[in-house]
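Trainee: Sending over a structure as C-alpha cells; questions will come in a sec.
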Amino acid sequence: MQHLGNRRQETMEELFGEIFLSGQLTRRDRLRLREALLADTIAEDHQDIINRVLHSTKRGRLQLKA
C-alpha cells in the first residue's frame, strides 16, 4: 500500500476508488497521480490502475473536471 504525500496520507487505492465512484477526474486527482508517477516507486498494480484511469478518460467514461 503506497501513501500519497498529503496531510491525510491517502492511499492509492482510496484515490482510485474516489475517482471511479465519482466518475470524475479532478485537477487535484491528476496532480496526485502525476506525483505518484514521478516518484518512480509506484507498484506495478498501481501503474495498471493508472492506465485504466487514463483509458477510461480517453473513452469518455470519466469526465475531466477543473
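Trainee: Do you know which residues across the range 18-46 are among the hydrophobic types (A, V, I, L, M, F, W, C) and under 9 Å from the mean Cα position of the chain (by Cα)?
Mentor: Ile19, Leu25, Leu31, Leu33, Ala36
Trainee: Count, please, the residues in the range 23-66 that happen to be touching a strand residue (DSSP E or B) at 6+ places or on another chain (Cβ under 9 Å), surrounded by 11 or more Cβ atoms within 10 Å (Cβ to Cβ) and of a type outside the set (A, V, I, L, M).
Mentor: 8
Trainee: Consider the range 21-38. How many of its residues are closer than 16 Å to Thr11 by Cβ and in contact (Cβ under 8 Å) with a residue 24 or more places away in the chain?
Mentor: Qualifying residue count, the range 21-38: 3.
Trainee: Under 11 Å from the mean Cα position of the chain (by Cα), open to solvent by less than 80 Å² (accessible area, probe 1.4 Å) and modelled with pLDDT under 90: is that true of Leu15 in this structure?
Mentor: Spelling it out, it is not the case that Leu15 is under 11 Å from the mean Cα position of the chain (by Cα), open to solvent by less than 80 Å² (accessible area, probe 1.4 Å) and modelled with pLDDT under 90.
The values are calculated or read from the model by the stated rules, or taken from the named source; none is laboratory data. Predicted model, so just to flag it, every value in this text is computed and none were measured. Neighbour counts run over all protein chains shown; Cβ positions are idealised from the backbone, glycine included. Surface accessibility is based on the protein's heavy atoms, side chains included, excluding ligands, DNA and RNA. Shrake-Rupley method; radii C 1.70, N 1.55, O 1.52, S 1.80 Å.
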